[in-house]
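Since the structure comes first, as structure tokens, the remarks are kept for the end.
Just so it is clear, none of the values below were taken in a lab; they were calculated from the coordinates. This one's a predicted model, so the numbers in the text were calculated from it and none came from an experiment. Note that we place each Cβ from the backbone using ideal geometry, even for glycine, and neighbour counts take in every protein chain shown.
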Amino acid sequence: MKKIIAFGASSSKTSINKQLATYAANIFKNAEVEVLDLNDYEMPLFSVDREKENGIHTLAHQFYDKIGSADFIVISFAEHNGNFSAAFKNLLDWSSRINAKTFQEKPVLLLATSPGARGGASVLDIATKRFPFQGATVKGSFSLPTFYENFDVVHGIINPEYKNQLEEIINSIEL
């Protein structure tokens, strides 16, 4: 059985991106899913001065080790002013000091959603272009617009068109 690590790249306790990442990860067959919460990896803002004084934060090592334990990674990005959330960017900055290839050549599915009509398309575009440099093998990407109209906490994606799109992407990925 393959191990999937999934998380929403947001520190919101009610993260819609964590909901989407969890939903998508659980569509995969024959996989064990572990869902991470970014709040478990909250660290001081990265700076070279902090790193020089204290070394790389323990939580960055824990996150990096979790990524290393995965066979596949599902990430759904919150979009803050068109980019990564500060919480995720800080975690990425700290973790990249362990290894610039933070995602350790693991296959990943990149997702995004938002309450708006673009569904986090800007941040998803940034991630899709950036993540190969961070050691991710991007196997697919998907944006879910207008989250609250297209997603239900019990049934997941309720819009048949979007549901089929995501399922087609997932079914095309070999674990």
Loop only by DSSP, 15 or fewer other Cβ within 10 Å of the Cβ. Give me the trypsin sites (Lys or Arg not before Pro) in region 11-60 that pass, ordered by residue number.
Lys13, Lys29
How far, in nm, would the chain grow between Thr137 and Ile158 when pulled straight, counting 0.36 nm per residue and subtracting the alpha carbon separation?
4.7 nm
Cα-Cα over 21 Å: which of Lys2/Lys129; Lys18/Lys52; Lys3/Lys106; Lys129/Lys163?
Lys2/Lys129; Lys18/Lys52; Lys129/Lys163
Region 43-142: which GluC sites (Glu not before Pro) are DSSP loop and have at most 10 other beta-carbon atoms within 10 angstrom?
Glu105
Do the sum for the chain: with -39,500 (n - 2.57) for every DSSP H run of n ≥ 4, divided by all residues, what is the mean residue ellipticity at 222 nm, to the nearest 500 deg cm²/dmol?
-10500 deg cm²/dmol
Vicinal HN-Hα couplings computed from phi for region 4-19 (Karplus, 6.51 cos²θ - 1.76 cosθ + 1.60; Hz; Gly/Pro x)
10, 9, 10, 7, x, 7, 8, 9, 5, 5, 10, 4, 5, 6, 5, 4
Among [x] 68; [y] 54; [z] 49, which is the computed percent of Cα pairs over 20 Å apart?
[z]
